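> Below are the structure tokens for one structure; questions will follow.
The values are calculated or read from the model by the stated rules, or taken from the named source; none is laboratory data. Please read these numbers as outputs of a predicted model, since none were measured by experiment. In this analysis, Cβ positions are derived from the backbone assuming ideal geometry, glycine residues included, and neighbour counts consider all displayed protein chains.
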Amino acid sequence: MTIIDETAESFGPQGTGQPLLEVRDLHVEFTTRDGVAKAVNGVNYSVGAGETLAVLGESGSGKSVTAQAIMGILDMPPGRIPKGEIFFRGQDMLKMSGEERRKIRGNRIAMIFQDALSSLNPVLSVGYQLGEMFRVHQGLSKKAAKAKSIELMDRVKIPAAAARVNDYPHQFSGGMRQRIMIAMALALEPDLIIADEPTTALDVTVQAQVMDLLAELQREYHMGLILITHDLGVVADVADKIAVMYAGRIVETAPVHELYKRPAHPYTRGLLDSIPRLDQKGQELYAIKGLPPNLTRVPSGCAFNPRCPQARDICRTDVPPLFPVTERDGGELAGRGSACHFWKETIHG
Ligand SMILES: Nc1ncnc2c1ncn2[C@@H]1O[C@H](COP(=O)(O)OP(=O)(O)OP(=O)(O)O)[C@@H](O)[C@H]1O
Ligand SMILES: [Mg+2]
């Protein structure tokens, strides 16, 4: 049996050799009253400079926990990393000292969260909080830091930035606050941004604007971007490749447009079928039946089997590895993998 090696260059950016970030066989467990919850169960993914990886999956699939492990902000305990490596520019961050990690977290990798209001300090002006990045990390004077803050607010297209720099977070709309979060993340020009559901709390039109801005800045600064979302609709235009997670594992990987055209996992197909489409107004939306498993008691075999319309005996007994997905005639499909015993019939019919 061949198992796809996602760490291979074919899945990373072309021609750059080493990816910016590479997660290898990452496992994260939580001790809970119910037992040990395997939240992340052998995840592999990589992202290069200038590349956007979308990580997709229903609530509880392990998207945020993987990101927290990368950032070094996991709650430990109850969390634990029994196995795995997280390489940043070729160095395993899990083997670094706390000090080395903090340096990377402050300067090289930044994170944007869903909820700006709880990430920003309500009693400090936006300009002060942005300026702090420059005062603390770059030793700039108050005046220079303020000038930089205004420049950044301009960069993220906050109207009348100079007039609003002393305003407080609650004086901005949700979309503007999310732009401020993006500005904070950009302040030190990181190599990698991890955006965890950055637009989920916003309404649909504002979502698109904020997502476009993020994509534009990512291209301009040539950063790597990991975009975590449970909304397939938002990633089509901005991501290069997608990793679909289910119950702590990656069940499908593919370049973004290929995934939409030809999913190779029944779970991905279910997610795609549940996106509302303008050309099918009035039709009832498909929903994947059932719920994701309790992570302390994941079903044997493929974790998706109880919900899968295609499940057969082997699916209830054998955990499917991430198989390389090929054309019908065996032709290579770069970067594609599916953890389904029946990937062939799923993609080729
Ligand atoms: N501090 C914690 N203690 C115990 N369990 C945790 C903790 N943090 C996360 N988990 C569990 O890990 C699993 C994965 O959670 P995670 O937050 O990564 O999901 P997610 O894919 O980001 O979902 P969502 O779309 O809801 O954000 C969940 O079952 C969650 O309950
Ligand atoms: Mg999450």
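> May I ask you to verify whether ILE180 is within 17 Å of LEU130 (Cβ to Cβ), among the hydrophobic types (A, V, I, L, M, F, W, C) and assigned to a helix (DSSP H, G or I)? Explain how you work it out, then say what you get.
Numbers: within 17 Å of LEU130 (Cβ to Cβ): yes; among the hydrophobic types (A, V, I, L, M, F, W, C): yes; assigned to a helix (DSSP H, G or I): yes.
So ILE180 passes the test.
> In region 321-348, what residues are in contact with a helix residue (DSSP H, G or I) (Cβ under 9 Å, 6 or more places away or on another chain) and either of a type in the set (Lys, Arg) or over 27 Å from THR52 (Cβ atoms) (or both)?
Matches in region 321-348: ARG328, ARG336, HIS341, PHE342.
> Take VAL251 and tell me if it is within 16 Å of ligand 1 (Cβ to nearest atom) and either small (Gly, Ala, Ser) or within 25 Å of PRO292 (Cβ to Cβ) (or both). It would help to see each step written out before you state the result.
Numbers: within 16 Å of ligand 1 (Cβ to nearest atom): yes; either small (Gly, Ala, Ser) or within 25 Å of PRO292 (Cβ to Cβ) (or both): yes.
Taking the combined requirement at face value, the residue satisfies it.
> If you take the residues in region 4-29 that are at pLDDT 90 or above and in contact with a Leu (Cβ under 8 Å, 6 or more places away or on another chain), which one is nearest to SER64 (Cα to Cα)? It would help to see each step written out before you state the result.
Our first condition is that a residue be at pLDDT 90 or above; within region 4-29, this holds for 19-29.
Subset that is in contact with a Leu (Cβ under 8 Å, 6 or more places away or on another chain): 20-21, 28.
On the way: LEU20: 19, LEU21: 16, VAL28: 11 Å.
Here the residue is VAL28.
> Within region 160-176, count every residue that is out of contact with any Ser or Thr (no Cβ under 9 Å at 6 or more places or on another chain) and within 18 Å of GLU132 (Cβ to Cβ).
Residues in region 160-176 being out of contact with any Ser or Thr (no Cβ under 9 Å at 6 or more places or on another chain) and within 18 Å of GLU132 (Cβ to Cβ): 2 in total.
> Residues of region 183-204 being within 13 Å of ligand 2 (Cβ to nearest atom), in a strand (DSSP E or B) and over 16 Å from GLU216 (Cβ atoms), which ones?
So in region 183-204, the residues within 13 Å of ligand 2 (Cβ to nearest atom) come out as 194-198, 200-201.
Retained after the next criterion (residues that are in a strand (DSSP E or B)): 194-196.
Once the filter is applied, which keeps residues that are within 13 Å of ligand 2 (Cβ to nearest atom), in a strand (DSSP E or B) and over 16 Å from GLU216 (Cβ atoms), region 183-204 yields ILE194, ASP196.
> Within region 129-150, does at least one residue satisfy the condition of being modelled with pLDDT under 95, under 21 Å from VAL28 (Cβ atoms) and not basic (Lys, Arg)?
For region 129-150, residues modelled with pLDDT under 95, under 21 Å from VAL28 (Cβ atoms) and not basic (Lys, Arg): absent.
> Now a separate question. Does GLU220 meet the test of being among the acidic types (Asp, Glu), surrounded by fewer than 23 Cβ atoms within 10 Å (Cβ to Cβ) and not in a helix (DSSP H, G or I)?
Criteria not met by GLU220.
> I'd like to verify a number: residues in region 249-265 that are touching a His at 6+ places or on another chain (Cβ under 8 Å) and over 13 Å from ALA303 (Cβ atoms), how many? Break it down stepwise before answering.
Looking only at region 249-265, we keep the residues that are touching a His at 6+ places or on another chain (Cβ under 8 Å), and these are 251-252.
Now drop any that are not over 13 Å from ALA303 (Cβ atoms), which leaves 252.
Of the residues in that region, 1 qualify.
> Right, next: Please report, ordered by residue number, the helices (runs of 4 or more DSSP H) entirely within region 44-138 with at least 1 residues that are out of contact with any strand residue (DSSP E or B) (no Cβ under 6 Å at 6 or more places or on another chain), on the phi < 0 side of the Ramachandran plot and away from ligand 2 (no atom under 16 Å from the Cβ).
Of the helices (runs of 4 or more DSSP H) lying wholly inside region 44-138, those with at least 1 residues that are out of contact with any strand residue (DSSP E or B) (no Cβ under 6 Å at 6 or more places or on another chain), on the phi < 0 side of the Ramachandran plot and away from ligand 2 (no atom under 16 Å from the Cβ) span 98-107, 116-119, 126-138.
> What are the pairs with Cβ atoms under 8 angstrom where one residue, in region 259-286, is over 14 Å from ASP231 (Cβ atoms) and among the aromatic types (Phe, Trp, Tyr) and the other, located anywhere, is surrounded by fewer than 17 Cβ atoms within 10 Å (Cβ to Cβ) and at pLDDT 70 or above? Sequence gap at least six, or different chains.
Short answer, once both residue conditions are applied: TYR286/ASP273; TYR286/SER274.
> Among the numbered criteria (1) closer than 26 Å to GLY349 by Cα; (2) in contact with a Gly (Cβ under 8 Å, 6 or more places away or on another chain); (3) within 16 Å of ligand 2 (Cβ to nearest atom), which one does LEU232 miss?
That leaves (2) as the condition not met.
> What pairs come out if I take residues in region 64-78 that are more than 8 Å from ligand 1 (Cβ to nearest atom) and pair them with residues that are outside any loop (DSSP other than H, G, I, E, B) and among the aromatic types (Phe, Trp, Tyr) whose C-beta lies under 9 Å away, six or more apart or interchain?
Between residues of region 64-78 that are more than 8 Å from ligand 1 (Cβ to nearest atom) and residues that are outside any loop (DSSP other than H, G, I, E, B) and among the aromatic types (Phe, Trp, Tyr), the close pairs are ILE70/PHE88; PRO77/PHE30.
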